[in-house]
Amino acid sequence: ALVSMRELLDHAAVNGYGIPAFNVNNLEQVTAIMQAAHEVNAPVIMQASAGARKYAGESFLKHLIQAAVESYPHIPVVMHQDHGQNPEVCQGAINLGFSSVMMDGSLLADGKTIADYEYNVEVTRQVVAMAHATGVSVEGELGCLGSLETMQGEKEDGHGTDAIMTHDQLLTDPEQAADFVKRTQLDALAIAIGTSHGAYKFTRKPTGDILAIERVKEIHRRIPNTHLVMHGSSSVPQDLLAIIREFGGDMKETYGVPVEEIQKAIKFGVRKINIDTDIRLAMTAAVRQYMAQNPSKFDPRDWLKPATAAAKAICKQRYLEFGCEGQA
Ligand code: G3H
Ligand code: 13P
Ligand code: NA
Ligand code: ZN
């Protein structure tokens, strides 16, 4: 059944686990996530970005997710709008039937310029008012995602800025988080702790100086009833990079967020973990390998099948690693 984000994350908090929120753009990704969730009896969060809506169209996305709900009636599913750029986008998603929306007021509506705090409070508060009126949950964001190695706001995959930022801007302040929650009454808060979107997060396996997992604890202590969200949480598995390179891909050396760091973050209070890039890497590795090894094949179903299987495998692995097994 379609459920609100609040309902799923409340259950995760009471039972001490985290839920991966997977980005979806097409049938194969939706199918992979549902098969994985079904096998381990995990709750599901599927989210659509602005890029996904541009790629597939919001009606196709909505009906793909509704088809998933219909096909797996025993699994609770959240249909979440990822990174809403303004209240109008969030209102549109609510009208379409999304059960959760993100108002990302950390940036202005251009998706690039860093917003001031009062703007963020105002747009988030507006979205909470309209969403809560119909039982829809709201995620906000405080602090700017970006690299503590280069001190740049993120720029990978077209998100955010490449502005040079201060150390403070790249980490969510626990006191400001407490004020933000009090004034907006939102359900979930995305925090900045050194992660960024896309495949190129870290130039080395991250240590505490560039990935501030301990900060989760301090924020959670101040706002224990608001569910914490980690964006940019793909782990960028080295074995997938190796397959992509072996079969003709060109990807530079890069590191993601190690699963054991995410597991620590879950212990400290993170409940929603956003993952897009790992599914992209898994599908690309599978397709490259399949195409190289089966040069005579031309039916898209032949190469989409291993891509779906690879996406399913990484989703299932994350469900198990984050403690979702049997929680549906
Ligand atoms: O929000 C971040 C996700 O990785 C979505 O990326 O806008 O390219 O679909 P996208
Ligand atoms: P990744 O690029 O690390 O998968 O992050 C996705 C995300 O945060 C979507 O909002
Ligand atoms: Na989101
Ligand atoms: Zn994100």
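The values are calculated or read from the model by the stated rules, or taken from the named source; none is laboratory data. Everything numeric in this text was worked out from a predicted model, so none of it was measured. Every residue, glycine among them, receives a Cβ derived from its backbone with ideal geometry; neighbour counts consider all protein chains shown.
Within the group Ala32, Ala93, which residue is touching a helix residue (DSSP H, G or I) at 6+ places or on another chain (Cβ under 6 Å), within 15 Å of ligand 2 (Cβ to nearest atom) and not hydroxyl-bearing (Ser, Thr, Tyr)? Break it down stepwise before answering.
Details: Ala93 fails: touching a helix residue (DSSP H, G or I) at 6+ places or on another chain (Cβ under 6 Å).
Among Ala32, Ala93, only Ala32 is touching a helix residue (DSSP H, G or I) at 6+ places or on another chain (Cβ under 6 Å), within 15 Å of ligand 2 (Cβ to nearest atom) and not hydroxyl-bearing (Ser, Thr, Tyr).
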Q) So which pairs qualify, if the first residue must be in segment 194-208 and of a type in the set (Ser, Thr, Tyr), the second must be more than 14 Å from ligand 4 (Cβ to nearest atom), the Cβ gap must be under 8 Å, and the two must be at least 6 apart or on different chains? A) Thr195/Leu211; Ser196/Ser147; Tyr200/Lys252; Tyr200/Thr254; Thr203/Glu149; Thr203/Glu253; Thr203/Thr254; Thr203/Tyr255
Q: Run Thr284 past the list (1) closer than 29 Å to Glu261 by Cβ; (2) assigned to a helix (DSSP H, G or I); (3) out of contact with any Gly (no Cβ under 8 Å at 6 or more places or on another chain) and report the number of the one that doesn't hold.
A: (3)
(Q) Test of understanding: among Lys297, Lys252, Lys217, which residue is away from ligand 2 (no atom under 16 Å from the Cβ) and more than 25 Å from Ala32 (Cβ to Cβ)? (A) Lys217
Q. Within the set of pairs 6+ apart or on separate chains, which have a first residue in segment 101-117 that is within 13 Å of ligand 3 (Cβ to nearest atom), a second that is of a type in the set (Phe, Trp, Tyr), and C-beta atoms under 7 Å apart?
A. Gly105/Tyr119
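Just to be sure, is Thr254 of a type in the set (S, T, N, Q), within 19 Å of Glu141 (Cβ to Cβ) and in contact with a strand residue (DSSP E or B) (Cβ under 8 Å, 6 or more places away or on another chain)? Let's see the steps before the verdict.
Values: of a type in the set (S, T, N, Q): yes; within 19 Å of Glu141 (Cβ to Cβ): no; in contact with a strand residue (DSSP E or B) (Cβ under 8 Å, 6 or more places away or on another chain): yes.
No.
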**Q.** Selected residue [buried (at least 17 other Cβ atoms within 10 Å of the Cβ) and aliphatic (A, V, I, L, M)] from Leu320, Leu241
**A.** Leu241
Q: For segment 1-101, please list each of the helices (runs of 4 or more DSSP H) lying entirely inside it that holds at least 1 residues being touching a Phe, Trp or Tyr at 6+ places or on another chain (Cβ under 7 Å) and surrounded by fewer than 22 Cβ atoms within 10 Å (Cβ to Cβ).
A: 27-40
Q. Quick check: anything in segment 246-256 over 21 Å from His83 (Cα atoms) and small (Gly, Ala, Ser)?
A. yes
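Listed here are the residues, each with its yes/no results for (1) small (Gly, Ala, Ser); (2) more than 16 Å from the chain's Cα centre (by Cα).
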site: Met5; (1), (2): no, no
site: Thr31; (1), (2): no, yes
site: Glu39; (1), (2): no, yes
site: Ala48; (1), (2): yes, no
site: Gly51; (1), (2): yes, no
site: Tyr55; (1), (2): no, yes
site: Phe60; (1), (2): no, yes
site: Gln66; (1), (2): no, yes
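Restricting attention to segment 220-244, which residues are more than 16 Å from ligand 2 (Cβ to nearest atom) and either within 12 Å of Ala265 (Cβ to Cβ) or touching a Leu at 6+ places or on another chain (Cβ under 8 Å) (or both)? Spell out the reasoning first.
If we filter segment 220-244 for residues that are more than 16 Å from ligand 2 (Cβ to nearest atom), which is where we start, we get 220-226, 239, 242-243.
Of everything in segment 220-244, those that are more than 16 Å from ligand 2 (Cβ to nearest atom) and either within 12 Å of Ala265 (Cβ to Cβ) or touching a Leu at 6+ places or on another chain (Cβ under 8 Å) (or both) turn out to be His220, Ile223, Thr226.
Determine whether Ile279 is within 13 Å of ligand 2 (Cβ to nearest atom), over 20 Å from Ile210 (Cβ atoms) and in a helix (DSSP H, G or I). Break it down stepwise before answering.
Numbers: within 13 Å of ligand 2 (Cβ to nearest atom): yes; over 20 Å from Ile210 (Cβ atoms): yes; in a helix (DSSP H, G or I): yes.
Considered against the rule, which asks whether it is within 13 Å of ligand 2 (Cβ to nearest atom), over 20 Å from Ile210 (Cβ atoms) and in a helix (DSSP H, G or I), Ile279 comes out as yes.
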Q. Mind checking which residues of segment 102-117 are within 14 Å of ligand 4 (Cβ to nearest atom) and assigned to a loop (DSSP other than H, G, I, E, B)?
A. Asp104, Gly105, Ser106, Gly111
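Regarding segment 182-192, can at least one residue be identified that is among the hydroxyl-bearing types (Ser, Thr, Tyr) and under 15 Å from the mean Cα position of the chain (by Cα)? Before the answer, list the steps.
Of segment 182-192, the ones among the hydroxyl-bearing types (Ser, Thr, Tyr) are 184.
Right, trim to under 15 Å from the mean Cα position of the chain (by Cα) and you get none.
No, segment 182-192 contains no residue that is among the hydroxyl-bearing types (Ser, Thr, Tyr) and under 15 Å from the mean Cα position of the chain (by Cα).
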**Q.** segment 137-156, residues that are outside any loop (DSSP other than H, G, I, E, B), surrounded by fewer than 24 Cβ atoms within 10 Å (Cβ to Cβ) and of a type in the set (Asp, Glu)
**A.** Glu156
Q. Of the numbered conditions (1) away from ligand 3 (no atom under 16 Å from the Cβ); (2) at pLDDT 95 or above; (3) part of a loop (DSSP other than H, G, I, E, B), Thr166 satisfies every one except a single condition; which is it?
A. (2)
